[in-house]
Amino acid sequence: MSLIRKTYAPLPPHTNEDELAEAVLAELDSTFEHQWQVWGTHCSGRRMRVDAVVWPRDPSAWKDDQPVFGIEFKALELVPFDTKNYTAHAAQAVDYTHVDWDDYGHLIVFTCPPPAKGSLRRS
């Protein structure tokens, strides 16, 4: 199936980021294991934390024999949409590319929802 034609379920109802994270990770639980709140060291020396690190329960279908990646959750609809919040969310995602995550090394970190999703909202 082409990913272009794939439709995605809406985000689960939530009133804060923790509820969003719990609901999304519960949805992924049959396919992925996870670790909450993983710390790492940014190239500047600053300590940073990502909301979760996930890996597939069965990696046999993946090209990488040990696929692992991070997820940072943001309840975008609960904060005013403005240039400052949008830029901060995107900048955080960029910062994470420069972090050596404890026990995992450098990871791809996804944001949920992606920063660009907020740009589609109407005020």
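The values are calculated or read from the model by the stated rules, or taken from the named source; none is laboratory data. These numbers come from a predicted model, not from an experiment. Ideal geometry is used to build each Cβ from the backbone, glycine not excepted, and the neighbour counts take in all protein chains shown. Quick note on the areas: whole protein, heavy atoms, side chains included, nothing else; ligands and nucleic acids left out. Shrake-Rupley method; radii C 1.70, N 1.55, O 1.52, S 1.80 Å.
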Selection count where residues are closer than 16 Å to residue 104 by Cα, part of a loop (DSSP other than H, G, I, E, B) and either at pLDDT below 95 or among the β-branched types (Val, Ile, Thr) (or both), scope the stretch 22-52 | 0
Got a number for residues in the stretch 30-43 being surrounded by fewer than 13 Cβ atoms within 10 Å (Cβ to Cβ) and either within 15 Å of residue 93 (Cα to Cα) or in contact (Cβ under 8 Å) with a residue 40 or more places away in the chain (or both)?
-> 2
What are the residues in the stretch 53-68 that are more than 13 Å from residue 31 (Cβ to Cβ) and in a strand (DSSP E or B), if any?
-> 53
Counting only residues that are among the small types (Gly, Ala, Ser) and modelled with pLDDT under 85, which one in the stretch 78-92 is least open to solvent (accessible area, probe 1.4 Å)?
-> 90
